[in-house]
There are 2 protein chains.
Amino acid sequence: METISNNELKQIRALHEKKYRDESGLFLVEGEKLVAEAESSGFGIVRIIRRDEVGEKLMERISTMSSPSPVVAVVRKPAPSEHVPGGLCLALDSVRDPGNLGTILRIADWFGVDCIFASPDSVEVYNPKVVQASMGAIFRKKLIYCDIVEKCKEFRAAGLHVFGTFLDGSDIYASELPREGLIVMGNEANGISREVAAECDCRLTIPSFGGGSESLNVSVATAITVSEFKRRWK
Amino acid sequence: METISNNELKQIRALHEKKYRDESGLFLVEGEKLVAEAESSGFGIVRIIRRDEVGEKLMERISTMSSPSPVVAVVRKPAPSEHVPGGLCLALDSVRDPGNLGTILRIADWFGVDCIFASPDSVEVYNPKVVQASMGAIFRKKLIYCDIVEKCKEFRAAGLHVFGTFLDGSDIYASELPREGLIVMGNEANGISREVAAECDCRLTIPSFGGGSESLNVSVATAITVSEFKRRWK
């Protein structure tokens, strides 16, 4: 059996928390499939720990999951990147749920969204639940934390439209949707903030067909919106 | 303070488990908003328990949530219903994740899907996580557990098409989609089972736009598929 010193174990377990992920620039990736994707992604792999090598008991302490993964990798975050306004991009205005962010990354990857921007108060992309829900899309899609109001202004200054989904916008199915632009998605409970809403020059709605539900889940709304943009230019 | 006898507490706590929900025909609904929806839904309300009345400690034992709800209702399941083949319906072939089923109910409600069928091995609709994720759609949408192969045969015998989403189907955006029919969605890991796939007379695909992701989450795929059917007949 390989051994892990108490000090190493402590450092790895610290990566369960955002504070230490921020400090170290490292995060955890769990499961055979995701670790294989990390290895082929070009992200720096610091260490791979296997249950077969360290034993079940130690793995329970290393893993963030309730049933511990057979393999956990310590992975280096990529350097922050930039994106010149252009292409079809998503801007997340305070999306807080890790499952939603992971699912949105997967949607963005499927539909070839060029870049995802997220407000600084959105959930951290290296949160283990985001990594898991992204099913590997985290290794392929660029996500940039930035001021969303500023990003909207940049897109508009580049002659592109900024789209927001609202309950009182125009019917997305009947709207003209360009090939490029910025699509803003809002917070789970409160939607798009007032400051960001003021920067959206196109207000869209996914029409309801008579049900009593007041809204759609943000990842579901993202999927329908991006699907509708993409199919127009297929 | 209202008191709850140990016996009553035991009965309510038993409803955290499927076995006792099955036996009693009762389930739990938590949170101000959902309990209000339950009350106005026509479902039978057996009892409403408020934190203000029973105290924080007791509520921690009654609630299924990690931060206990201010209010929990014991609600009677409606009698099993039937649905004559017709309208636009969903069939879930072994959808296992409670969050996915709740989200699918919410999507079905938003888009006015007529009925949802689920295979008996799908997650139970009265699971507290399904109730929560449905955001109240559980009180408005009919969900019937039944044999999906039989249901597909019934729809086809009624002259309607059965649609399945596959990785090798025809492009959904370019396909003819009727106003009525049955849309089958498959299991999170394995997709549509072979037996059910054999009953699908139309194979659809949501095309990928160049990303590396192998699939979409089942609730996301449901949203895009139903949106695409509905917009054609708006």
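Among the listed residues B:Glu150, B:Glu176, B:Glu199, which satisfies the condition of being farther than 21 Å from B:Ser81 by Cα and surrounded by fewer than 16 Cβ atoms within 10 Å (Cβ to Cβ)? Don't jump to the end; show me each part of the working.
Working: B:Glu150 fails: farther than 21 Å from B:Ser81 by Cα; B:Glu199 fails: surrounded by fewer than 16 Cβ atoms within 10 Å (Cβ to Cβ).
On inspection, the qualifying residue turns out to be B:Glu176.
Whether any residue in segment B:174-189 is assigned to a strand (DSSP E or B), more than 26 Å from B:Gly99 (Cα to Cα) and in the same structural domain as B:Asp114 (by TED's automatic domain parsing) is what I want to check. Looking for residues that are assigned to a strand (DSSP E or B), more than 26 Å from B:Gly99 (Cα to Cα) and in the same structural domain as B:Asp114 (by TED's automatic domain parsing), one finds none in segment B:174-189, hence no. With respect to (1) surrounded by 22 or more Cβ atoms within 10 Å (Cβ to Cβ); (2) away from chain A (no Cβ under 14 Å), the lone exception for B:Ile224 is condition (2). For the subset of segment A:199-212 comprising residues that are in contact (Cβ under 8 Å) with a residue 24 or more places away in the chain and part of a loop (DSSP other than H, G, I, E, B), which member is farthest from the other protein chains (Cβ to nearest Cβ)? By that ranking, first place goes to A:Glu199. Of all the numbered requirements in (1) within 13 Å of chain B (Cβ to nearest Cβ); (2) touching a strand residue (DSSP E or B) at 6+ places or on another chain (Cβ under 8 Å); (3) hydrophobic (A, V, I, L, M, F, W, C), A:Ile148 misses one, and that requirement is (1).
Results for (1) more than 9 Å from every other protein chain (Cβ to nearest Cβ); (2) of a type in the set (S, T, N, Q); (3) buried (at least 24 other Cβ atoms within 10 Å of the Cβ); (4) on the phi > 0 side of the Ramachandran plot, shown as yes or no for each residue.
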| residue | (1), (2), (3), (4) |
| --- | --- |
| B:Leu90 | yes, no, yes, no |
| B:Thr103 | no, yes, yes, no |
| B:Phe117 | yes, no, yes, no |
| B:Pro120 | yes, no, no, no |
| B:Val125 | yes, no, no, no |
| B:Pro128 | yes, no, no, no |
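Within segment A:45-87, can you find the residues that are touching a Cys at 6+ places or on another chain (Cβ under 8 Å) and at negative phi? Correct list: A:His83 only.
Take segment B:29-44 and flag every residue that is among the acidic types (Asp, Glu), more than 19 Å from the chain's Cα centre (by Cα) and over 11 Å from B:Pro70 (Cβ atoms). It would help to see each step written out before you state the result.
First pass over segment B:29-44, keeping only residues among the acidic types (Asp, Glu): B:30, B:32, B:37, B:39.
Right, trim to more than 19 Å from the chain's Cα centre (by Cα) and you get B:32, B:39.
Once the filter is applied, which keeps residues that are among the acidic types (Asp, Glu), more than 19 Å from the chain's Cα centre (by Cα) and over 11 Å from B:Pro70 (Cβ atoms), segment B:29-44 yields only B:Glu39.
Checking each residue in segment A:209-219 for being surrounded by fewer than 17 Cβ atoms within 10 Å (Cβ to Cβ) and at pLDDT 95 or above picks out no residue at all.
The values are calculated or read from the model by the stated rules, or taken from the named source; none is laboratory data. Bear in mind that the values here come from a model prediction, so they are computed numbers and not experimental data. We place every Cβ from the backbone using ideal geometry, glycine too, and count neighbours over all the protein chains shown.
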